[in-house]
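Novice: Let me begin by handing over the structure; questions about it come next.
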Amino acid sequence: MTTHRCEVLVIGSGPGGATVAALLAEAGRDVTLVEEGPDLRIDSAPSYSLAEMDQKYRNGGLNTTFGRTQVTYLEGRCVGGASEINAALYHRPHPETLAGWARDHGIEQMSMEALLPYFQDIEQQLHVHRRAEGLSPASRRIVQGAQALSWRHTEIERFWRYQGEGPRGRRQSMSETMVPRARAAGARVHADTRIQRLLLRGRRVEGAVGRKAGPDGGRVRYQADRVVLAAGAVQSPLLLRRSGLRRNVGDNLRLHPMIRIAARFDQPVNDPSFGVPVQQVEEFKPEITLGGSHSSQPHIALWLGRQVPDRRALMERWDHIGVFYVAVQGQGRGTIRALPLLDQPLVRYDLGARDLELLGTGLQHLGRLLFAAGARQLMSPVEGRPPIERPADLGQLSDLPPGGAIAVSTIHLFSSLPMGQDPSKSATDSYGKAHGFDNLWVQDASLLPSSPGVNPQGLIMAIVRRNVAKMLSDG
Amino acid sequence: MHPVPPALSAAARAAVAARLRPTLAQLVRDVVADELDGEVHVPAATEVLLRRIAGMAPHLGVGMVGLTLLFDASCRPMGGPYHRLPADARARVLDRWRALPGPLASWAVFYEKMGVFAWWAVCEEAQHGDHGEVRP
Ligand SMILES: Cc1cc2nc3c(=O)[nH]c(=O)nc-3n(C[C@H](O)[C@H](O)[C@H](O)COP(=O)(O)OP(=O)(O)OC[C@H]3O[C@@H](n4cnc5c(N)ncnc54)[C@H](O)[C@@H]3O)c2cc1C
């Protein structure tokens, strides 16, 4: 077994872990950042391709929760975590969400005012801005529909360096930003290394053990003065449970359930060179978000579904079809449990009646939006139901059946190690320090006490920056 | 890569893949029957499916393999395995599985969706190179 020694061990290199590693290394700490997945360039594979799914997604992108209605979910597994595969859409949260967390969970320094300097810092350093020029055809349809219905809509800013005219540019993922900063400040990055267990003794964590993959692989041991866990909302609680910690660990998983539908128009709406549509309807946020999804040929074929008559003819004019989504601020709750002998967790999520109701309402809004934007046909998201061709038929979307007849997915998971001042209800204090420990922190999506209702990466990074400032000021 | 379970030896995993391959290939043919000309891209899409199952978390991947074998076994009384049945019998057996409860219906939906996705992904790569979001 190889043993490494460091002052701070950071486990997981997504937006949470990469931010911690960069800031602590820049503050002069001796940091080792350990990542289970490979260390790849941002352009090692085209976005949303099979190759990218093989390289950068956990389990090739096929994960599902257990429960009456399954929710398929995606996780990144590479240096940079999900920031390497995400759409890079950036949001500040609604101030009321933060105020609610402060009030309901007793979290200190949790307000827009307190977080503002951190948001501003991220926005500057990760080049958060709108695109330089025109919108994609799909985005224009969202604008057209929203204007016809007098609904608020906006172009979402992105972590993106646009280049010249057109949509070209470079996503400002962690492998492009915080990881190089961490390295430049002296942090060591150990990729292809999965931590399997923390070494706990009383109120202290003394390090961790894991396994490095590949030909030079084998068992590894880290000895550290401090450990920061940032393996994401599914893997962080799994690792704590494997290490013997149970209290408020993996009991409160929250997520943003999402349903996609394909819509056919008379004219082309789909220009893949633009990438993901950046317009969202703001009218129903934070409970309901409407927007556009990646719409390559395989994704369109997938969402056309089995029940469309003559998929071949439709696919011949695939550029007339776009994929759109409704995402809701999930009210359901899930759990994460370790399974004996297996290194992957059992994830349960109860998609509650309220989630189904919100999804149904959201789908009706989305249908109205798309018909107002000129759509001719919406493919029903309910297995076995025919396409919808008139706004008058949108009512059928209000009663979504629970169970396997609807394809619910998520890319936003949180709250599995919620922060809060009350140790009986939370896993960490207001700044991510694990209750009952002197030198163990959690710094990732797990900390958010509930679903924020907006794209979460910016919020996660702002909270982590705030927490690192506290770690440094406490010495 | 071969289908799960990963605890099996390489030879055993290759044997499981060989056992699943004809069934998965026929499922791909059937779910893209609308748009398929001959055998185009069926073998490549079948390998994508095998790779996806191999990459799943073991508790899901083992289930997929088990259900696929069960599905094939359920075709025996009709003269199966699945890939040897005539088209109308294959359609009937898939319909029957869709109507079954819980994981059995999910199994059918998985292949319907992933079969279509894999086949179109392979087509797209073959036609245009792999079309992702534009990068420099
Ligand atoms: C497809 C997709 C699209 C998205 N789009 C957006 C978007 O447009 N805007 C937005 O704001 N958010 C988006 N998100 C969500 C956002 O990316 C996540 O909320 C964010 O990345 C979470 O950060 P994190 O640090 O908590 O964890 P992650 O990004 O999940 O990173 C955790 C890292 O830890 C590693 N790890 C896990 N376990 C171990 C272990 N045992 N040992 C070592 N390493 C380990 C993982 O491999 C991973 O790299 C998207 C997510 C996905 C999947």
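The values are calculated or read from the model by the stated rules, or taken from the named source; none is laboratory data. Every value quoted in this text rests on a predicted model; they were computed, and no experiment measured them. A quick note on method: Cβ atoms are made from the backbone with ideal geometry, for glycine too, and the neighbour counts reach across all protein chains shown.
Novice: All but one of (1) touching a residue at least 24 places away in the same chain (Cβ under 8 Å); (2) facing chain A (nearest Cβ under 10 Å) hold for residue B:34; state the number of the condition that does not hold.
Specialist: Against the list (1) touching a residue at least 24 places away in the same chain (Cβ under 8 Å); (2) facing chain A (nearest Cβ under 10 Å), residue B:34 comes up short only on (1).
Novice: Next question. Would you be able to tell me the number of residues in the stretch A:240-282 that are in contact (Cβ under 8 Å) with a residue 60 or more places away in the chain and hydroxyl-bearing (Ser, Thr, Tyr)?
Specialist: 1
Listed here are the residues, each with its yes/no results for (1) within 16 Å of the ligand (Cβ to nearest atom); (2) farther than 22 Å from residue A:408 by Cα; (3) within 12 Å of chain B (Cβ to nearest Cβ); (4) in contact with a Lys or Arg (Cβ under 7 Å, 6 or more places away or on another chain).
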{"site": "A:270", "(1), (2), (3), (4)": "no, yes, yes, no"}
{"site": "A:291", "(1), (2), (3), (4)": "yes, no, no, no"}
{"site": "A:297", "(1), (2), (3), (4)": "no, no, yes, no"}
{"site": "A:316", "(1), (2), (3), (4)": "no, yes, yes, no"}
{"site": "A:328", "(1), (2), (3), (4)": "yes, no, no, no"}
{"site": "A:338", "(1), (2), (3), (4)": "yes, yes, yes, yes"}
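Novice: Test residue A:60 against the criterion of being small (Gly, Ala, Ser) and within 14 Å of chain B (Cβ to nearest Cβ), and give yes or no.
Specialist: Answer is yes for this residue.
Novice: Looking at B:49, B:67, B:36 in this structure, which one is within 16 Å of residue B:110 (Cα to Cα) and surrounded by fewer than 21 Cβ atoms within 10 Å (Cβ to Cβ)?
Specialist: One residue alone meets the criteria, B:67.
Novice: Pairs under 6 Å by beta carbon, first residue in the same structural domain as residue A:199 (by TED's automatic domain parsing) and under 15 Å from residue A:198 (Cα atoms) in the stretch A:210-223, partner more than 14 Å from the ligand (Cβ to nearest atom) and among the hydrophobic types (A, V, I, L, M, F, W, C), six or more apart or different chains?
Specialist: As it stands, the answer is A:219/A:1; A:221/A:1, since those pairs meet every condition given.
Novice: Here is a further query. Which numbered condition in (1) surrounded by 15 or more Cβ atoms within 10 Å (Cβ to Cβ); (2) modelled with pLDDT of 95 or more is the only one that residue A:152 fails?
Specialist: Every listed condition holds for residue A:152 apart from (1).
Novice: List the number of the failed condition for residue A:154; all other conditions in (1) closer than 26 Å to residue A:321 by Cβ; (2) in contact with a strand residue (DSSP E or B) (Cβ under 6 Å, 6 or more places away or on another chain); (3) among the β-branched types (Val, Ile, Thr) hold.
Specialist: (2)
Novice: Any idea which of (1) touching a helix residue (DSSP H, G or I) at 6+ places or on another chain (Cβ under 6 Å); (2) away from the ligand (no atom under 14 Å from the Cβ); (3) not in a helix (DSSP H, G or I) is the one residue A:115 doesn't satisfy?
Specialist: Just one mismatch for residue A:115, condition (3).
Novice: Hey, could you check the stretch A:272-289 for residues that are of a type in the set (S, T, N, Q) and closer than 26 Å to residue A:452 by Cβ and say which is farthest from the other protein chains (Cβ to nearest Cβ)?
Specialist: Across the stretch A:272-289, the extreme among qualifying residues is A:289.
Novice: Tally the residues that are away from the ligand (no atom under 11 Å from the Cβ), in contact with a Lys or Arg (Cβ under 9 Å, 6 or more places away or on another chain) and among the hydrophobic types (A, V, I, L, M, F, W, C), restricting the search to the stretch A:232-259.
Specialist: The number of residues fulfilling the criteria is 2.
Novice: Looking at the stretch A:299-314 only, could you name the residues that are within 16 Å of the ligand (Cβ to nearest atom) and more than 8 Å from every other protein chain (Cβ to nearest Cβ)?
Specialist: A:303
Novice: When you scan the stretch B:75-85, do you find a residue that is at pLDDT 95 or above, of a type outside the set (A, V, I, L, M), surrounded by fewer than 18 Cβ atoms within 10 Å (Cβ to Cβ) and within 19 Å of residue A:301 (Cα to Cα), even just one?
Specialist: Among the residues of the stretch B:75-85, not one is at pLDDT 95 or above, of a type outside the set (A, V, I, L, M), surrounded by fewer than 18 Cβ atoms within 10 Å (Cβ to Cβ) and within 19 Å of residue A:301 (Cα to Cα), which makes the answer no.
Novice: Among the residues of the stretch B:82-117, what is the count of those that are within 14 Å of chain A (Cβ to nearest Cβ), outside any helix (DSSP H, G or I) and either hydrophobic (A, V, I, L, M, F, W, C) or in contact with a helix residue (DSSP H, G or I) (Cβ under 9 Å, 6 or more places away or on another chain) (or both)?
Specialist: Selection size over the stretch B:82-117: 2.
Novice: I'm trying to understand the selection: among the residues of the stretch A:38-54, which are under 14 Å from residue B:122 (Cβ atoms) and either of a type in the set (A, V, I, L, M, F, W, C) or surrounded by fewer than 17 Cβ atoms within 10 Å (Cβ to Cβ) (or both)?
Specialist: A:50, A:51, A:53, A:54
Novice: Out of (1) within 14 Å of another protein chain (Cβ to nearest Cβ); (2) in contact with a helix residue (DSSP H, G or I) (Cβ under 8 Å, 6 or more places away or on another chain); (3) not in a strand (DSSP E or B), the odd one out for residue A:260 is which?
Specialist: For residue A:260, the failing item is (3).
Novice: Could you count how many residues in the stretch A:351-364 are farther than 16 Å from residue A:378 by Cβ and buried (at least 19 other Cβ atoms within 10 Å of the Cβ)?
Specialist: Number satisfying all stated conditions: 4.
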